[in-house]
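Quick notes on the structure that follows.
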Amino acid sequence: MRILFLNGPNLNLLGSREPEVYGRTTLAEIEAKVRARAKEMGVEVEFRQSNSEGELVTWVQQAKERFEVIVLNAAAYTHTSVALRDAIVAVGIPTIEIHLSNIHNREEFRHKSLLAPVCRGQISGFGVNSYILAIEAAINVTDTKK
Ligand code: DQA
């Protein structure tokens, strides 16, 4: 199984960005943890970050035929991007929405995810562990109902 991890805007700043909300782990360190766990679980991962909505849309489109599951931390685009939502629907690859923070106990504008209704599920609020839990969810995603 090949899992595509996509990270949205400002996640390249993890480590120094609002550490009281997001912790002090950098995105490179998260990637290393994901790779170590994926290796244990016998799955392949690709890990990318972009600040550009269009680039994320293109990566979702290109995932077809190459990846079985997408794990998506769309960051702020979670709350705004009809384009990302449409791309997820268009490619039809099971997608798991993740967040480091619990978006439901933060500002009101973060409570709404435009992506959640077209994702298989959402993992939110477990810090770096949201990424690790997503590997488990991805491996079992074919067993879960659409
Ligand atoms: C985030 C939550 C979003 O609301 C925010 O815009 C982010 C990060 C998270 O991982 O907790 O940039 O996706």
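Read-outs: derived from the displayed coordinates by stated rules, not from any lab. All of these numbers come straight from a predicted model, not from anything done at the bench. With ideal geometry, Cβ positions are generated from the backbone for all residues, glycine too; neighbour counts draw on all protein chains shown.
Figures for the structure shown
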| quantity | calculated |
| --- | --- |
| Selection count where residues are among the aliphatic types (A, V, I, L, M) and out of contact with any Leu (no Cβ under 8 Å at 6 or more places or on another chain), scope the range 54-86 | 2 |
| Selection count, the range 19-61, where residues are within 17 Å of residue 127 (Cβ to Cβ), touching a residue at least 12 places away in the same chain (Cβ under 8 Å) and in a helix (DSSP H, G or I) | 9 |
| Residue 64 touching a residue at least 60 places away in the same chain (Cβ under 8 Å) and either in contact with a helix residue (DSSP H, G or I) (Cβ under 6 Å, 6 or more places away or on another chain) or not in a strand (DSSP E or B) (or both) | no |
| Unmet requirement for residue 4, which otherwise passes all of (1) touching a Lys or Arg at 6+ places or on another chain (Cβ under 7 Å); (2) on the phi < 0 side of the Ramachandran plot | (1) |
| Residue list for the range 1-15, filter: assigned to a loop (DSSP other than H, G, I, E, B) and either of a type in the set (Lys, Arg) or within 12 Å of the ligand (Cβ to nearest atom) (or both) | 8, 9, 10, 14 |
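Each row is one residue, and each column tells you yes or no for (1) under 23 Å from residue 52 (Cα atoms); (2) touching a residue at least 40 places away in the same chain (Cβ under 8 Å); (3) within 16 Å of the ligand (Cβ to nearest atom); (4) in a helix (DSSP H, G or I).
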| site | (1), (2), (3), (4) |
| --- | --- |
| 90 | yes, no, no, yes |
| 97 | yes, no, yes, no |
| 112 | yes, no, yes, no |
| 117 | yes, no, no, yes |
| 132 | no, yes, yes, yes |
